[in-house]
Amino acid sequence: MNNNLQLYNTLSRSKEKFEPLNPPNVGMYVCGPTVYGDAHLGHARPAITFDIVFRYLMHLDYKVRYVRNITDVGHLENDADEGEDKIAKKARLEELEPMEVVKHFTDRYHKNMDQLNVLHPSIEPTASGHIIEQIELIKSILDNGYAYESEGSVYFDVKKYSNDYDYGKLSGRKLDDLLENTRTLTGQQEKKNSYDFALWKKTDPKHLMHWPSPWSEGYPGWHLECSAMGAKYLGETFDIHGGGMDLLFPHHESEIAQSNACRGHDPVHYWMHNNMITIDGQKMGKSLNNFITLDEFFSGKHKALDKAYSPMTIRFFILQAHYRSTVDFSNEALHAAEKGMQKLFNTVELIDKLTPSSNSSVDVQHFKDSLYAAMDDDFNTPIAIAQLFELSKIVNQVNDGKETLTASDILFIQNLYSVFVFEILGLISENIKGNDDQLVDQLMGAILSLRQDAKQNKDWATADKIRDELGKINIKVKDTKEGAVWNIE
RNA sequence: GGUACCGUGGCCGAGCGGCUAGGCGGUGGUCUGCAAAACCAUAGACAGCGGUUCGAAUCCGCUCGGUACCUCCA
């Protein structure tokens with residue numbers, strides 16, 4: 001399997017050549033959503049980022065098993081530190097079963113991901129469905145002496161672990177620093193050290209979601225599910241683990257610790273982290289209460305939005321920034337993304353209509369290399385998109401008769417667009433006109449023919465009225481050299 | 001306070017020591033009955049101050065400003 005793919009590994013803080021452990025197979029695990037609320041723009045980022053990774057690896061002919069979990073065992077609420085499960089709290093408020101809430105938001109998440117044209121992962125395991133695996137993991141960590149039981153709960157012994165392994169290797173933390181900076185939280189006195197984290201937490205009376213275990217009726221600690229499910233479906237060591245930068249510490253750091261504590265080796269070869277989406281320069285997040293849900297973007301129903309933005313506009317907007325940079329939301333930026341993407345799709349339609357020449361006046365062959373080079377360089381989608389815009393410019397120039405292309409070069413561009421725009425970037429044209437509604441086509445043909453007659457008679461008032469009226473129902477008419485064309489906006 | 005990172009033209013956003021990134025917007029043109037689209041041309045930038053170098057947006061230091069994370073929220 002030849003590839004030139006370089007990806008940034010958080011573990012080494014540098015780009016590394018991608019070499020899978022068992023080619024052509026690749027195992028990838030990504031931290032999925034906690035299903036206690038509607039997905040917002042912040043959820044779209046990791047989903048789309050790793051969708052690109054998934055798509056590109058498959059394009060390179062790897063056999064990818066992509067595991068993205070659903071976290072349905074919630075834990076403490078951020079500002080309501082009463083030991084109440086996030087999902088349980090929402091359930092009580094709305095008088096629903098916790099699993100009913102889980103089902104509701106899981107379905108909505110799936111719907112949003114489909115709208116964004118995010119491919120389904122190969123496996124989508126739930127935390128609640130893997131309690132047994134998590135308990136087994138705790139047992140083995142206890143057996144190896146890296147955890148201790150206290151008041152029915154089990155805690156990971158970070159200090160003990162640090163004697164044998166490097167706790168902080170991923171996030172760059174130092175144990176001494178951690179000791180000095182700890183919030184006051186419930187259950188703190190049960191722990192040997194403030195930086196120890198829970199593997200199993202004894203339930204409190206208010207807690208709705210709990211399971212039996214050797215230690216108490218309770219629920220698993222927050223980092224455990226990924227360690228358990230990653231190992232179950234991808235093996236004790238797998239290639240890529242992804243997630244948001246906000247999960248770097250403590251979540252992923254602790255995952256590494258847990259795996260070492262029970263198996264004696266690291267679980268993951270490449271750690272990838274996408275950056276945040278910001279709004280007014282701040283991370284968009286549930287706990288900050290500054291999020292805009294995806295449904296609100298799609299409908300335009302949010303006070304911060306000028307208008308509705310289509311799922312593909314959101315996808316394109318996210319892809320126009322590199323995944324390791326923050327991307328700042330604004331109406332202006334989304335307008336730009338919308339217009340730019342439309343330009344790209346106009347080009348796609350135009351390619352089919354180009355007239356081939358006997359020779360090409362411009363070199364288009366090098367675009368293939370530059371497109372692959374962009375993707376190979378740590379999935380640099382903004383560069384890839386810039387290349388596609390360059391191609392778009394050439395296509396337009398050919399259409400205007402200012403440059404020429406041979407039939408094979410035209411086919412070459414068609415293929416590049418098909419591979420990069422649709423297959424790898426996962427963009428789909430939202431031009432509704434593309435469907436096979438013959439009646440609409442015929443109706444439009446009749447209307448535009450009437451307008452053509454009016455134009456012939458220099459009856460501009462009638463011609464403009466037809467265009468304006470169609471405009472009111474979002475049908476846009478454009479006069480070109482080849483006659484009027486229309487599309488639904 | 002600690003750790004990681006960022007500061008690029010009106011906006012978004014690439015860039016990893018020398019070569020126009022790109023998109024949106026602006027301006028001037030071509031085309032068009034008008035509009036739209038398209039094309040051509042054009043303006044505009046590297047937070048500040050030092051240093052390294054023949055040469056720095058890119059490397060180093062300091063200053064200023066901002067973000068994320070810092071253990072039982074996933």
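Inspect all residues belonging to the range A:318-325 and state whether any of them is near RNA strand B (Cβ under 8 Å from one of its atoms), in contact with a Lys or Arg (Cβ under 8 Å, 6 or more places away or on another chain), open to solvent by less than 80 Å² (accessible area, probe 1.4 Å) and closer than 23 Å to A:D306 by Cα.
no
When you look at A:M276, is it farther than 20 Å from A:H130 by Cα and in contact with a Lys or Arg (Cβ under 6 Å, 6 or more places away or on another chain), yes or no?
yes
Give me the pairs: first residue in the range A:144-172 and closer than 15 Å to A:C262 by Cα, second residue open to solvent by 70 Å² or more (accessible area, probe 1.4 Å) and part of a loop (DSSP other than H, G, I, E, B), beta-carbon distance under 7 Å, and six or more apart or on different chains, which are they?
A:Y148/A:K192; A:D157/A:K192
Looking at the range A:222-317, what strands (runs of 3 or more DSSP E) fall wholly within it and have at least 2 residues that are in contact with a Ser or Thr (Cβ under 6 Å, 6 or more places away or on another chain) and open to solvent by less than 40 Å² (accessible area, probe 1.4 Å)?
Of the strands (runs of 3 or more DSSP E) lying wholly inside the range A:222-317, those with at least 2 residues that are in contact with a Ser or Thr (Cβ under 6 Å, 6 or more places away or on another chain) and open to solvent by less than 40 Å² (accessible area, probe 1.4 Å) span A:268-274.
I'm trying to understand the selection: among the residues of the range A:32-77, which are farther than 24 Å from A:T278 by Cα and assigned to a helix (DSSP H, G or I)?
A:F54, A:R55, A:Y56, A:L57, A:M58, A:H59
Going through A:A337, A:A333, A:A384 one at a time, which residue ends up being assigned to a helix (DSSP H, G or I), within 22 Å of the chain's Cα centre (by Cα), free of Cβ contacts under 8 Å to residues at least 24 places away in the same chain and under 29 Å from A:T10 (Cβ atoms)?
On the way: A:A337 fails: free of Cβ contacts under 8 Å to residues at least 24 places away in the same chain; A:A384 fails: free of Cβ contacts under 8 Å to residues at least 24 places away in the same chain.
Just a single option satisfies the conditions, and that option is A:A333.
In this structure, does A:D328 turn out to be in contact (Cβ under 8 Å) with a residue 40 or more places away in the chain and outside the structural domain of A:D114 (by TED's automatic domain parsing)?
The answer is yes for A:D328.
Could you grab the pairs with beta carbons closer than 6 Å, sequence gap of 6+ or different chains, first residue in the range A:460-475 and under 12 Å from A:L450 (Cβ atoms), second one assigned to a helix (DSSP H, G or I)?
A:T462/A:A454; A:A463/A:R451; A:A463/A:A454; A:A463/A:K455; A:I466/A:R451
When you go through A:D177, A:D166, A:D143 one by one, which is the residue that is open to solvent by 50 Å² or more (accessible area, probe 1.4 Å), on the phi < 0 side of the Ramachandran plot, in the same structural domain as A:T34 (by TED's automatic domain parsing) and modelled with pLDDT under 90?
A:D177
I'm checking my understanding of the structure. Among residues of the range A:450-469 that are of a type in the set (D, E, K, R) and not in a helix (DSSP H, G or I), which one is least open to solvent (accessible area, probe 1.4 Å)?
Here the answer is A:D459.
State whether one or more residues within the range A:323-339 are within 17 Å of A:Q397 (Cβ to Cβ) and among the hydroxyl-bearing types (S, T, Y).
no
Report every pair of residues separated by at least 6 positions or lying on different chains whose Cβ atoms are under 9 Å apart, first residue within the range A:345-359 and farther than 14 Å from A:G401 by Cβ, second open to solvent by 80 Å² or more (accessible area, probe 1.4 Å) and assigned to a helix (DSSP H, G or I).
A:T347/A:K393
With respect to A:K368, determine if the residue is assigned to a loop (DSSP other than H, G, I, E, B), among the charged types (D, E, K, R) and either within 22 Å of A:D38 (Cα to Cα) or in contact (Cβ under 8 Å) with a residue 12 or more places away in the chain (or both).
no
Name, by its number, the condition in (1) hydroxyl-bearing (S, T, Y); (2) over 30 Å from A:K476 (Cα atoms); (3) in contact with a Ser or Thr (Cβ under 8 Å, 6 or more places away or on another chain) that does not hold for A:S370.
With (1) hydroxyl-bearing (S, T, Y); (2) over 30 Å from A:K476 (Cα atoms); (3) in contact with a Ser or Thr (Cβ under 8 Å, 6 or more places away or on another chain) applied to A:S370, the lone miss is (3).
Given the conditions (1) open to solvent by 10 Å² or more (accessible area, probe 1.4 Å); (2) of a type outside the set (A, V, I, L, M, F, W, C); (3) part of a helix (DSSP H, G or I), report the number of the one that A:P214 does not fulfil.
In the conditions (1) open to solvent by 10 Å² or more (accessible area, probe 1.4 Å); (2) of a type outside the set (A, V, I, L, M, F, W, C); (3) part of a helix (DSSP H, G or I), A:P214 misses (3) alone.
Taking A:D378 as the residue in question, decide whether it is within 12 Å of RNA strand B (Cβ to nearest atom), out of contact with any helix residue (DSSP H, G or I) (no Cβ under 7 Å at 6 or more places or on another chain) and open to solvent by 40 Å² or more (accessible area, probe 1.4 Å).
Numbers: within 12 Å of RNA strand B (Cβ to nearest atom): yes; out of contact with any helix residue (DSSP H, G or I) (no Cβ under 7 Å at 6 or more places or on another chain): yes; open to solvent by 40 Å² or more (accessible area, probe 1.4 Å): no.
Here the answer is no, as A:D378 does not meet what is asked.
Any residue in the range A:187-208 that is modelled with pLDDT of 75 or more, in a loop (DSSP other than H, G, I, E, B) and either more than 10 Å from RNA strand B (Cβ to nearest atom) or exposed (fewer than 13 other Cβ atoms within 10 Å of the Cβ) (or both)?
yes
What is the number of the single condition among (1) aliphatic (A, V, I, L, M); (2) open to solvent by less than 20 Å² (accessible area, probe 1.4 Å); (3) farther than 19 Å from A:A39 by Cβ that A:A127 does not meet?
(3)
Look at A:Y219 and say whether it is open to solvent by 50 Å² or more (accessible area, probe 1.4 Å) and touching a strand residue (DSSP E or B) at 6+ places or on another chain (Cβ under 9 Å).
no
The values are calculated or read from the model by the stated rules, or taken from the named source; none is laboratory data. Computed from a predicted structure; not experimentally measured. Backbone-built Cβ (ideal geometry, glycine too); neighbour counts: all protein chains shown. Just the protein is used for accessible areas: all its heavy atoms, side chains included, with ligands, DNA and RNA removed. Shrake-Rupley method; radii C 1.70, N 1.55, O 1.52, S 1.80 Å.
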